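Student: Handing you this structure, nothing more for now.
The values are calculated or read from the model by the stated rules, or taken from the named source; none is laboratory data. Keep in mind that this is a model prediction, so the values were computed, not measured. Using ideal geometry, Cβ is built from the backbone for each residue, glycine included, and neighbour counts are taken over all protein chains shown.
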Amino acid sequence: MIYKLLIIHQLKESKRSSFWQKQIALNIVIGFFILLMLLYLLVLGLFIDKILGELYPNDNPIDIFNGIIIYYFGMELMLRFMIQALPTINIESYLHLPIKKTAIVHYLNLRSLLAIGNYLPLLVFIPFAFKVLLPHYSGFVAFIWILSMFFIALANNYLAIYIKRQMTSKPMITGIAAITLIIFILLDYFKIISVTSVSRYLFNALIVHTIWIIIPVLLLIFNYLLNFYFLKTKLYTEELSQKKEEISNTSKAFQYLKHYGHTGQLILKDIKLIWRHKRTRSIVYMAPLFLGYGLLLYNQEIYMSRNGFLIFIGIFMTGGMMLNYLNYVFSYESGHFDFVLSNYKDFDKYLEQKFIFAIAIATISYIITIPYVLYGFKILFINTMTWLYNIGVLSYLLLFTATFSSKRMDLSKAATFNYQGLGATHWLSILPFFLMPLLVYLPFSLLDYPIGGFIVIGTMGFLGLTFHKPIMKMLNKQFVKKKYNMASGFRQNN
Amino acid sequence: MIEAINLTKVYSGTKVLDIKDLKIGKGEAFGLVGNNGAGKTTFFRLILDLIKADTGMVLSNGKNVKGLNDWKYYTGSHLDDGFLIDFLSPEEYFEFVADVHKLSKGDLEEFYINFKDFFNNEILDKKKYIRDFSSGNKQKIGIAAALMAKPEIVILDEPFNSLDPTTQIRLKNLLNKLKEEKQLSMLISSHDLNHITEVCNRIVILEKGKIVQDKPTNENTLKELTEYFAV
């Protein structure tokens, strides 16, 4: 049985990968978070009737619940898109064997059914059906309702996977999906259409006429086939290897960097690296997402009054792109790391270049966020302080932690099956750096002296920059210590 | 030029390299042969400070290579594709290597003239990235880059691999010329006994990490080597 073999191979692959073995601590943390979420959801499910009764004492809880389901699935779609890892397989090792291509594709598709996200909502839906639906409707209706929710969750799963897969091959489709979502949010916000009532209408119909379960079923089948045909056409080694590209001229714009000596050359090379790989290029396309956060949040009164939240947003906006670069700064070079080690005479300069490029990215991000001053001078002030923190503290910390990631990142591998570092682990490992300034701010907030807190955050960055030389010396020592470990990891295929 | 003292490397309990004392002199063409897993690449990586030795050390010009960067000024190397920056075009790559070694524009132009034959019109002005070249042409790019800065020592791991016959012969001639004119020290490994006996004046056989034979090349070397490996 081919499926069984594939499953065994994958289990072995993940068990034997150095990544898994080294990241046990991180995996335990993630496991803990998942457990916590399970608990939350279970509590929510068990008390859903009470909660709805408290919040909307005059309305029918079924109406209310059905009205928000669509929001829930929209949120779920976004979360899945960001967090859920794509099922992957090292396809080249199987293509030349007498295995049906469709079998491989079905296997890949079916594997995503194991994603825990598919089963989490049941923790809310099942108690809801028992406590709220059952008193009014028959067991059969409740059962069909639960089943429909489950099918929609699965359809959502395949939709998220499809959009994520397209992100690297056709970023347009991801863009269209994002725009569609935004349009719906805006239409609802300006009360042109009411998503709530649409949702209520649809899901109430399901309770009245159980036959409508056919819609979720068809949706699931459709999304499944979408993935199936997409992957099937990609299953040629030709498609797998990245298409031969004409020498791009985009980096020509940066040719003047050459005149800035060795560091300029190194930065130019990094720009080429980013621009000539789909994987890294798609991160650049994500820039508006990072920088546009303010547009979404500064509008709302509840956020504007929460300084801690504003600090977090400031760090995220001015540092998000820098973080994407620094987090894997050495892994990006895994393809030619041996060249780096055996040819670069001066690792000081090498690290200096990484630092300069990183703070340049942060500074450009900061400059782009300056117009947010329209939302108040406070925003500009906070963003300036967080920018200082980013270039003077976060930058060094990320350079330091980057020396620990020794997983090969095969950028020239086909984009379709290459999604290293796009999952939750990526974000979780650096979360403490984002929380640190909040921790610093906390006592000032308690003393009701927020401005002092902002200034201290900025001062931290300023201090970091003042001690640039000794810090870089330390980082150089760390790099030299870790370089063997990184190099041996980068040499490993997978 | 290069000296390995008590050099050992252990991978998961097995000693993959164990060299008591090995000296490679200036202008010497040192050939390393041995079956897969004999420790050839491991030895080269240790010389280039790419992996950590478990005991012992490698001296280059009397200085430990570990932690020092002096040797990088006079050592050129190409072991595998990890030495290429594959998202650059060959021209960009050469320009970058030239910058790393602080060569001038004139040096780079001279390099292009010297390697014109070797490239055989297959490398330059192709308007593609290195990653899109065939493995033979990638090999050419790597070897050329290793020789670009006119090093005193060059380390090549199986340089004849995947080269076409014409280029193999050209590479042999090029290496022989550099050896005679510039007193270049060469460390070359190969599975091709023919080529290596033609280029090297000293052949060392490695077996399971140990030196089992170390002889200067003469007219009988090829025969002896063939006999040794014909088990």
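Student: Select, from B:Gly56, B:Gly39, B:Gly62, B:Gly13, the only residue that is within 17 Å of the chain's Cα centre (by Cα) and away from chain A (no Cβ under 14 Å).
Tutor: B:Gly39
Student: Among the residues of the stretch B:103-132, write down those that are assigned to a helix (DSSP H, G or I) and exposed (fewer than 13 other Cβ atoms within 10 Å of the Cβ).
Tutor: B:Lys105, B:Gly106, B:Glu109, B:Ile113, B:Lys116
Student: Looking at the stretch A:469-489, can you tell me whether even one residue there is over 12 Å from A:Thr403 (Cα atoms), within 12 Å of chain B (Cβ to nearest Cβ) and either surrounded by 15 or more Cβ atoms within 10 Å (Cβ to Cβ) or free of Cβ contacts under 8 Å to residues at least 60 places away in the same chain (or both)?
Tutor: Yes, the stretch A:469-489 contains a residue that is over 12 Å from A:Thr403 (Cα atoms), within 12 Å of chain B (Cβ to nearest Cβ) and either surrounded by 15 or more Cβ atoms within 10 Å (Cβ to Cβ) or free of Cβ contacts under 8 Å to residues at least 60 places away in the same chain (or both).
Student: State all residues of the stretch B:109-132 that are of a type in the set (A, V, I, L, M, F, W, C) and touching a residue at least 40 places away in the same chain (Cβ under 8 Å); if no residue qualifies, say none.
Tutor: Within the stretch B:109-132, B:Phe118, B:Ile130 qualify.
Student: Looking at the stretch B:133-179, which of its residues are within 12 Å of chain A (Cβ to nearest Cβ), assigned to a loop (DSSP other than H, G, I, E, B) and within 15 Å of the chain's Cα centre (by Cα)?
Tutor: Across the stretch B:133-179, the qualifying residues are B:Ala149, B:Pro151.
Student: Moving to a separate point now. Being in a helix (DSSP H, G or I) and of a type in the set (Phe, Trp, Tyr) is the filter here, so list the residues in the stretch A:274-306 that pass it.
Tutor: Within the stretch A:274-306, A:Trp275, A:Tyr285, A:Phe290, A:Tyr293, A:Tyr303 meet the criteria.
Student: Right, another one. What's the total number of residues in the stretch B:54-87 that are under 18 Å from B:His101 (Cβ atoms) and either hydrophobic (A, V, I, L, M, F, W, C) or crowded, with 19+ Cβ neighbours inside 10 Å (or both)?
Tutor: Result for the stretch B:54-87: 13.
Student: Which ranges mark the strands (runs of 3 or more DSSP E) fully within the stretch B:1-84 that have 1 or more residues being within 20 Å of B:Lys215 (Cα to Cα) and aliphatic (A, V, I, L, M)?
Tutor: B:2-11, B:14-24, B:29-33
Student: For A:Ser488, which of the numbered conditions (1) more than 23 Å from the chain's Cα centre (by Cα); (2) modelled with pLDDT of 90 or more; (3) not acidic (Asp, Glu) fails to hold?
Tutor: (2)
Student: Now for a different question. Residues that are within 14 Å of chain B (Cβ to nearest Cβ), of a type in the set (A, V, I, L, M, F, W, C) and more than 30 Å from B:Phe87 (Cα to Cα): find the helices (runs of 4 or more DSSP H) completely inside the stretch A:309-401 holding 3 or more of those.
Tutor: By residue number, no helices (runs of 4 or more DSSP H) qualify.
Student: Considering the stretch B:65-78 alone, what residues qualify as being closer than 20 Å to B:Thr8 by Cα and more than 7 Å from chain A (Cβ to nearest Cβ)?
Tutor: B:Val65, B:Lys66, B:Leu68
Student: Inspect all residues belonging to the stretch A:185-195 and state whether any of them is assigned to a helix (DSSP H, G or I), at pLDDT below 85 and closer than 18 Å to A:Pro61 by Cα.
Tutor: Looking for residues that are assigned to a helix (DSSP H, G or I), at pLDDT below 85 and closer than 18 Å to A:Pro61 by Cα, one finds at least one in the stretch A:185-195, hence yes.
Student: Being at pLDDT 80 or above and small (Gly, Ala, Ser) is the filter here; which residues of the stretch A:126-184 pass it?
Tutor: A:Ala129, A:Ser138, A:Gly139, A:Ala142, A:Ser148, A:Ala153, A:Ala155, A:Ala160
Student: Additional query: Based on this model, can you work out whether A:Ile126 counts as under 20 Å from A:Leu11 (Cα atoms), among the aliphatic types (A, V, I, L, M) and within 32 Å of the chain's Cα centre (by Cα)?
Tutor: no
Student: Further question on the same structure: Could you tell me which residue of the stretch B:88-102 is surrounded by the fewest Cβ atoms within 10 Å (Cβ to Cβ), considering only residues that are assigned to a loop (DSSP other than H, G, I, E, B) and more than 7 Å from chain A (Cβ to nearest Cβ)?
Tutor: B:Lys102
Student: Cβ contacts < 7 Å: first residue closer than 30 Å to A:Ile163 by Cα, restricted to the stretch A:50-75; second residue among the charged types (D, E, K, R) and crowded, with 18+ Cβ neighbours inside 10 Å, any location; separation 6+ or different chain. Result?
Tutor: Listed by first residue and then by second, the contacts come to A:Asn66/A:Arg200; A:Gly67/A:Arg200.
Each row is one residue, and each column tells you yes or no for (1) at pLDDT below 80; (2) aliphatic (A, V, I, L, M); (3) buried (at least 18 other Cβ atoms within 10 Å of the Cβ); (4) more than 23 Å from A:Ile455 (Cα to Cα).
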site	(1), (2), (3), (4)
A:Thr237	yes, no, no, yes
A:Thr280	no, no, yes, yes
A:Met286	yes, yes, no, yes
A:Gln300	yes, no, no, yes
A:Tyr303	yes, no, no, no
A:Met322	no, yes, yes, no
